[in-house]
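The values are calculated or read from the model by the stated rules, or taken from the named source; none is laboratory data. Bear in mind the structure is a predicted one, so any value in this text is a computation, not a measurement. Methodologically, a virtual Cβ is constructed for each residue, glycine included, from the backbone with ideal geometry; neighbour enumeration extends over all protein chains shown.
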Amino acid sequence: MPHIDFKNDFPGIRSAMAYRPETAEPMGALAEILLRDDEGLSRADRELIGTYVSHLNDCFYCNYSHGAIACIYLGGDQDLVDQVRNDYTKAAISEKLKALLAIAGKVQQSGSAVTKDDIDAARAAGATDRDIHDTVLIAAAFCMFNRYVDGLATVTPTDMESYPKRAMQIVEKGYGSHVFKNKQPV
């Protein structure tokens, strides 16, 4: 049961965003920029970073929502998404993404936990400054999104079939401000 009455029945962050669409617009715009940019990191990499941070934050809704989106970008490779959640160091991903996930995990703990050695390792694995920047901002944003979802005790669907359906909508339409019109998700 949500801590406040959102006056809607939407799941997860969508209910809180529909409740306050004026705050949803900039958050959706940020997600659109960070997660759908095609420069540097792939969309799959970006979603895997968000999934990993959500997993670390124990945010079920964001973990499985963004895991489902990553899965679509990965051509249905759910096993790879699960590998990243459970032990990315052994996952079949690039060394660059492993180094960036190490940074994301440190951001999840505290921004000041990221060290020069972490940055140097990411650069040595092929990460650009933009990749590092986006990784840190994705991780920081997901800490905010996760706490928004869980801090208000939004409804979390337990029907795992609902996540891929919503994921496809995000893949096709994105996160932008168009998602909410008249307090109703599109």
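Numbers at a glance
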{"read-out": "Helices (runs of 4 or more DSSP H) enclosed by region 20-106 - at least 2 residues per element that are among the charged types (D, E, K, R), without any contact (Cβ under 8 Å) to a residue 60 or more places away in the chain and buried (at least 17 other Cβ atoms within 10 Å of the Cβ)", "value": "43-56"}
{"read-out": "Counted residues, region 110-132 - those being assigned to a helix (DSSP H, G or I) and surrounded by 13 or more Cβ atoms within 10 Å (Cβ to Cβ)", "value": "7"}
{"read-out": "Hits in region 72-121 - residues which are closer than 22 Å to residue 161 by Cβ and in contact with a Leu (Cβ under 8 Å, 6 or more places away or on another chain)", "value": "74, 80, 81, 84"}
{"read-out": "Residue match in region 154-161 (condition: surrounded by fewer than 20 Cβ atoms within 10 Å (Cβ to Cβ), assigned to a helix (DSSP H, G or I) and of a type outside the set (Val, Ile, Thr))", "value": "no"}
{"read-out": "Some residue of region 145-155 being modelled with pLDDT under 95 and β-branched (Val, Ile, Thr)", "value": "yes"}
{"read-out": "Residue check for residue 148: in contact with a Leu (Cβ under 7 Å, 6 or more places away or on another chain), part of a helix (DSSP H, G or I) and crowded, with 17+ Cβ neighbours inside 10 Å", "value": "no"}
{"read-out": "Residue match in region 51-62 (condition: under 18 Å from residue 168 (Cα atoms) and not polar (S, T, N, Q))", "value": "yes"}
{"read-out": "Some residue of region 3-12 being part of a helix (DSSP H, G or I) and touching a residue at least 40 places away in the same chain (Cβ under 8 Å)", "value": "yes"}
{"read-out": "Identity of the residue in region 120-178, hydroxyl-bearing (Ser, Thr, Tyr) and within 21 Å of residue 110 (Cα to Cα), that ends up farthest from the chain's Cα centre (by Cα)", "value": "148"}
{"read-out": "Flag for residue 24 being over 30 Å from residue 127 (Cβ atoms) and touching a Leu at 6+ places or on another chain (Cβ under 6 Å)", "value": "no"}
